[in-house]
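What follows is one structure encoded as structure tokens, with my remarks underneath.
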Amino acid sequence: MEGIHEDNISCSGSIINKAHSSWLIVFLLSAMSYQLIKEEKVGFRVKKGDTAIVLSGKNKGKSGRVLSVLTSKERVIVEGLNIVKRHMKPNKKYKQGGIIEKEAPMHISNVMLLCPKCSKPTRMSSALLESGKKLRRCKKCSEFID
Ligand SMILES: [Zn+2]
């Protein structure tokens with residue numbers, strides 16, 4: 001009787017180990033995809049007030065106005081997109097406190113600039129004018145954008 005009992009224990013033990021290793025694989029894969037995003041070269045400069053279109057995730061294909069650019073974090077906040085719910089303590093702005101919905105920053109590799117001239121998602125090259133003024137230039141329609 002004792003022998004059977006031990007078998008049962010070792011059997012359930014190996015199931016737990018298998019579950020652990022599959023979680024480890026999931027973790028490693030997600031860590032790798034994050035690294036790829038970080039390494040991607042960003043070929044455009046986003047400015048506040050630009051229109052950006054989302055390339056991946058649940059907001060894929062949606063566009064909105066860029067509210068702010070977090071240069072050091074390489075992230076942008078786009079109006080009405082990537083909404084997260086945040087628990088807030090009551091303060092001056094939110095007297096009631098509770099749950100508020102707020103735009104979360106998105107990595108700039110997940111968004112693309114929407115050209116105001118040709119309305120296409122595009123990358124920008126920077127162009128230096130004779131006057132010394134630096135402008136961005138749409139790679140699709142070659143128009144200059146401030
Ligand atoms: Zn264009």
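What are the lysines whose alpha-carbon lies under 28 Å from the alpha-carbon of LYS95, with same-chain residues fewer than 8 places away excluded?
Answer for LYS95, where 28 Å is the Cα cut-off: LYS85, listed by chain and number.
By how many nm would the segment from LYS48 to LEU67 grow when fully extended, if each residue of separation counts as 0.36 nm and the alpha-carbon distance is taken off?
The LYS48-LEU67 span can extend by a further 6.3 nm.
Specify which residue in the list ILE100, SER142, LEU81 is farthest towards the positive end of the charge dipole of the range 51-145, using unit charges on the beta carbon of Lys, Arg (+1) and Asp, Glu (-1), about the Cα centre.
Most positive-ward Cα: ILE100.
Greater than 32 Å separation of Cα atoms is the criterion. Which listed pairs, LYS89/LYS117; LYS48/LYS93; LYS89/LYS134, meet it? Don't skip to the answer; put the middle values down first.
Working: LYS89/LYS117 43 Å; LYS48/LYS93 23 Å; LYS89/LYS134 44 Å.
Those over the limit are LYS89/LYS117; LYS89/LYS134.
How big is the charge dipole of the range 51-145 about its Cα centre, in debye rounded to the nearest 20, if each Lys and Arg gets +1 on its Cβ and each Asp and Glu gets -1 on its Cβ? Before the final figure, lay out the partial values.
Values: 22 positive and 6 negative charges, 45 e Å.
It works out to roughly 220 debye.
Give me the extension gain from GLU130 to LYS95: residue separation times 0.36 nm, minus the current Cα-Cα distance, reported in nm with one decimal.
Details: separation 35, 0.36 × 35 = 12.60 nm, distance 5.29 nm.
Gain in length upon complete extension: 7.3 nm.
A short reminder: the numbers here are calculations on the coordinates, not readings from a lab. Treat the numbers as computed from the prediction; the structure is a model and nothing was measured. Quick reminder, even Gly has a Cβ in these numbers, built from the backbone with ideal geometry, and neighbours come from all protein chains shown.
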